[in-house]
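This report refers to the structure that appears directly beneath it.
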Amino acid sequence: MTIVLDVLSWIGIVGGGILCLIGGLGLVRLPDMYTRMHGAGIIDTLGIGLILVGLMFQAGLTLITAKLVLILVFVFFTSPTATHALARAALNGGHAPEVEDDGIRLPIDSPDQENMTPQVNVSRETDSSKT
Amino acid sequence: MMFAVAAIAVLVTMALALIRALKGPSVYDRILAVNSFGTLTVILISVHGFLAGRPEFLDLALVYALINFIGTIAVTKFVTFSDMGHGGGQEERGDI
């Protein structure tokens, strides 16, 4: 029984470590801030999750496993929230994506932000007219 | 042995995140890298608790996870509005 738990722990820890390294490489090598968020997401979900599950197999059914589950739940809820807030702050701050998708320019991806500013103004006008 | 492998992988990943935090062109790159660094710190504290045979370190990891989230949100809000006490309900752009 112990050897089964050890093998499961090894699988979780090695898989989580490899995914953490892949996410770190993506964080360094990807070309854009919005694509680098993908690398950070790999670290935050599967890298963290697999390592914690591997630790849980070593801890057994004790209070330690309950704490590990709590850490897992907190990271799973807070990490997407922080990434969403960061992406929204970057878009509001005029940080346009640099990567083009199959040659199609994104609506926000204009050199002097001609497309972004009128949209913001239109929404402000409609909101002020409502109130 | 098992925990040492996990600690080494996490440490190398922390070094990579630190590289991005040091050379990130915009401030949002740095915030993203520091957020990842904090998440990896949570894992490193947990693994160190197992490595040293003292699982009480998990409490520290739990608190660090919460503070990391609050710190990231606070820095993002400060960078966006240049004001920590910005009320989000009165302007159309909204809060984070």
Report task. Note down the net charge around B:ASP29, summing +1 for each Lys or Arg and -1 for each Asp or Glu among other residues with Cβ under 14 Å from its Cβ. Result -> +3
Query raised in the report: When only C-alpha pairs under 8 Å and at least 6 residues apart count, what is the relative contact order of the stretch B:2-81, in percent?
Result: 29 percent
Requested in this report: Using only alpha carbons, build the gyration tensor for the stretch A:2-99 and give me the equivalent ellipsoid semi-axes, biggest first, whole Å.
Outcome: 32, 16, 5
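Could you compute the net charge surrounding A:LEU25? Neighbours are other residues with a C-beta less than 12 Å from the C-beta of A:LEU25; K and R count +1, D and E count -1.
Neighbourhood net charge equals +3.
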Query raised in the report: Over all distinct alpha-carbon pairs, what is the Kirkwood Rh of the stretch B:2-81 in angstrom?
Result: 13.4 Å
Query raised in the report: Taking the Cα centre of chain B as the origin and placing charges on Cβ (Lys, Arg +1; Asp, Glu -1), which of B:ILE45, B:MET1, B:PRO55 is farthest toward the positive end of the dipole?
Result: B:MET1
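Read-outs: derived from the displayed coordinates by stated rules, not from any lab. Because the structure is predicted, anything quoted here is derived from the model rather than measured. Don't worry about glycine lacking a Cβ; one is built from the backbone with ideal geometry, like all the others, and counts go over all protein chains shown.
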